[in-house]
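The values are calculated or read from the model by the stated rules, or taken from the named source; none is laboratory data. What you are looking at is a predicted structure, and each value in this text was computed from that prediction instead of being measured. Don't worry about glycine lacking a Cβ; one is built from the backbone with ideal geometry, like all the others, and counts go over all protein chains shown. To get the accessible areas, we keep the full protein, side chains included, count just its heavy atoms, and leave off ligands, DNA and RNA. Shrake-Rupley method; radii C 1.70, N 1.55, O 1.52, S 1.80 Å.
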Amino acid sequence: MTYFLQQTVNGISVGAIYAMIAVGYSMVYGLLYLINFAHGDLYVLGTFVVFSCMTVFGSQGFFSPLVSCLIGACVAGFVGILTERFAYRPIRSGSRNISMVSALGISALLKTISQVIWGPESKAFPSFLPDGKIMLGDIVLYERCIWVVAFSVIIIAAMMLIVRYTKFGRGTRFIMQDITTASLVGVNVNFVVPAIYALGGFLGTLGGVLYSSYYSLISIDIGILGTIKAWAVVTLGGPGSLVGCLVGGVILGWSEAMASSYFFNAARDAVGYIVIIAVLMIRPYGLFGKAKAEKV
Amino acid sequence: MLLKVKNLKVFYGRVEAVHGVDFHVEEGEVVTIIGNNGAGKSSILRAISGVVKGVTGAMYFNGKLINEMNPAHVVKLGIAQTPEGRQVFPDSTVYENLIGGAYIRSDKQGIKDDIEKCYDLFPILKVRRKQKAGLMSGGEQQMLAIARSLMSNPKLLMLDEPSLGLAPVVVEDVYETIAKIKKTGTSILLVEQNANTALSVADRGYVLVTGTIGTEGTSEELLSNDEIRSLYMGV
């Protein structure tokens, strides 16, 4: 039982990170039905910028990691705006397959840029999350787990408030329902869509920093890994749903932890997908997704 | 002149859907463009609203050139379009849809007052205000779509086939409402396949045949034109 609870704690922490990484991916998918393959490479780029900033400013204390994170997240947000403007917007009205190819191209481009600048090998990431641990009976509760979960929940809750109560959020919800009708009531699509890409890069980078801090490791390969995990989380939780991100992330993280501790480590990456198939059989649009009725 | 369109051509890729049409709408007027399915009626409205690109010719609203303008900007100038097929936001409530119609406005009190006006004009919307728009009947959704357009306080309301897919008795309701909106002085550009009904409320009309305007005239003239009667009214 102790072992089970211990693994549950670990799984939930990892799941919270998955949720953060998935937020941007989910919003873009909800808005445009675009499978954004470049999402992972974008947040890795941002996370590498954070890494470099921390090498320069230092990773101790509170202030310099914070500034580094903000710089990296803003860079990723800005690159997100650029990719939207030059790679996705010109073909927005075309078929989804065309955008998907474009996304693959951007993914390769961003990955190569990161690889040229920071090299292909993985590096030790300076973890600024506190190292302490708390004993709850026999269970070890690492402080960094608490931080990671708290941070994800706060950020996603803030996003939910924005989507629910601001004009920008209302515009986002209208675009998710119908992009043409949204523009006909005056939603400025060419402002809201790039802003969502920017938010995706920004929050993705924060998620990437949490991931790298949690494992004390950064590498180019967490990009494609992140894209796949985000895809899994969003499929599970339902595209465009922020609650779905959180719940989907936690379910994925938890089932991975269970699989690797009760079966064998390699089962980890498979089990998430088994859960997804099981969920989709009951709810084809994900746990919190909405069926989009097509009018003919 | 509120709206003036000169030699408008609309392209979808290399396909020309509208081959150079001229028409205009005066202040306070209800003008209809009638034509069969595929004649290019919706394309004209979409071009004015700025949701299709690849447009040539000139479109003036209040003397201002609006070609290729951003759709949100067009709404701000005072042109609201109620798109074809009752495109309400199905997952949002009736109230949220109405608020959405006022997206470009920031005068809170004015929006509140206008919602009350909409409820007066469409009493059913007040009853249904907390319901998800997607769960309403076709006629109710059409009413909501029109009400939502009115929430932006337009000078020109463009209606794309408000009778499409509705039962005849519901079409009557919708047109009664359009007549009421006309009385408030809002100019209306009405696109319809249902020529008889459209001409009953319109002051003037244009007949669009595969992307070109064939005939034009006052509603009385068009209603008494034998060719139009046989082609569009089955008389």
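A compact table of results
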{"item": "Dipole moment magnitude, nearest 20 debye, chain A about Cα centre, only Lys, Arg, Asp, Glu C-beta charged", "result": "900 debye"}
{"item": "Protection proxy ranking, peptides B:37-43, A:125-131, average beta carbon neighbours within 10 Å, highest first", "result": "B:37-43, A:125-131"}
{"item": "D_trans [Stokes-Einstein, Kirkwood Rh over alpha-carbon pairs] for segment A:195-240, 10 °C, 1.306 mPa s, µm² s⁻¹", "result": "139 µm²/s"}
{"item": "Listed residues B:14, A:144, A:164 arranged by accessible area, highest first, probe 1.4 Å", "result": "B:14, A:164, A:144"}
{"item": "Residues losing 50 Å² or more accessible surface upon assembly, segment B:61-96, compared with the chain by itself, 1.4 Å", "result": "B:87, B:89, B:91, B:96"}
{"item": "By accessible area with a 1.4 Å probe, ligands and nucleic acids excluded, highest first: order of B:227, B:29", "result": "B:227, B:29"}
{"item": "Share of carbon and sulfur in the accessible heavy-atom surface of chain B [1.4 Å probe, %]", "result": "50 percent"}
{"item": "Segment B:76-132, dipole about Cα centre (Lys/Arg Cβ +1, Asp/Glu Cβ -1), debye to the nearest 20", "result": "160 debye"}
{"item": "The protein assembly as shown, dipole about Cα centre (Lys/Arg Cβ +1, Asp/Glu Cβ -1), debye to the nearest 20", "result": "780 debye"}
{"item": "Selected from A:250, A:2, A:235, residue furthest toward positive end of dipole (the protein assembly as shown; charges at beta carbon)", "result": "A:2"}
{"item": "Sorted peptide list for B:19-26, B:194-201, criterion being average Cβ within 10 angstrom, highest first", "result": "B:194-201, B:19-26"}
{"item": "Cα Rg over Rh - segment B:149-204, Kirkwood", "result": "0.94"}
{"item": "Percent accessible area from carbon and sulfur atoms, segment A:40-163, protein chains only, probe 1.4 Å", "result": "73 percent"}
{"item": "At 1.567 mPa s and 4 °C, Stokes D of chain A from Kirkwood alpha-carbon radius, µm² per second", "result": "67 µm²/s"}
{"item": "Cα-based shape type of segment A:92-159, given that a ≥ b ≥ c are square roots of the gyration tensor eigenvalues and the cut on a/c is 1.5", "result": "oblate"}
{"item": "Label-point separation in nm, residue B:135 to residue B:36, each point 7 Å along Cα→Cβ", "result": "4.2 nm"}
{"item": "q = 0.14, 0.15, 0.16 Å⁻¹: log10 I(q)/I(0) that the Debye formula gives for segment B:76-235, counting C-alpha atoms only", "result": "-0.71, -0.80, -0.89"}
{"item": "Whole-number accessible area per residue in Å² for chain B, which is evaluated in the context of all protein chains at 1.4 Å", "result": "43 Å²"}
{"item": "Residues of segment A:137-272: accessible area per residue with a 1.4 Å probe, Å²", "result": "36 Å²"}
{"item": "Shielding by partners - mean other protein chain Cβ count within 10 Å, residues of B:46-52", "result": "2"}
{"item": "Value in Å of the Kirkwood radius, where the protein assembly as shown supplies the Cα pairs that are averaged", "result": "25.6 Å"}
{"item": "Solvent-accessible area lost in complex, 50 Å² minimum, residues of segment A:136-185 relative to chain alone, 1.4 Å", "result": "A:167, A:170, A:174, A:177, A:181, A:184, A:185"}
{"item": "Amide proton proximity set for residue B:206, modelled H, under 5 Å, gap of 5+", "result": "B:32, B:33, B:34"}
{"item": "Accessible area buried at the A-B interface, both sides summed, 1.4 Å probe (Å², nearest 100)", "result": "2000 Å²"}
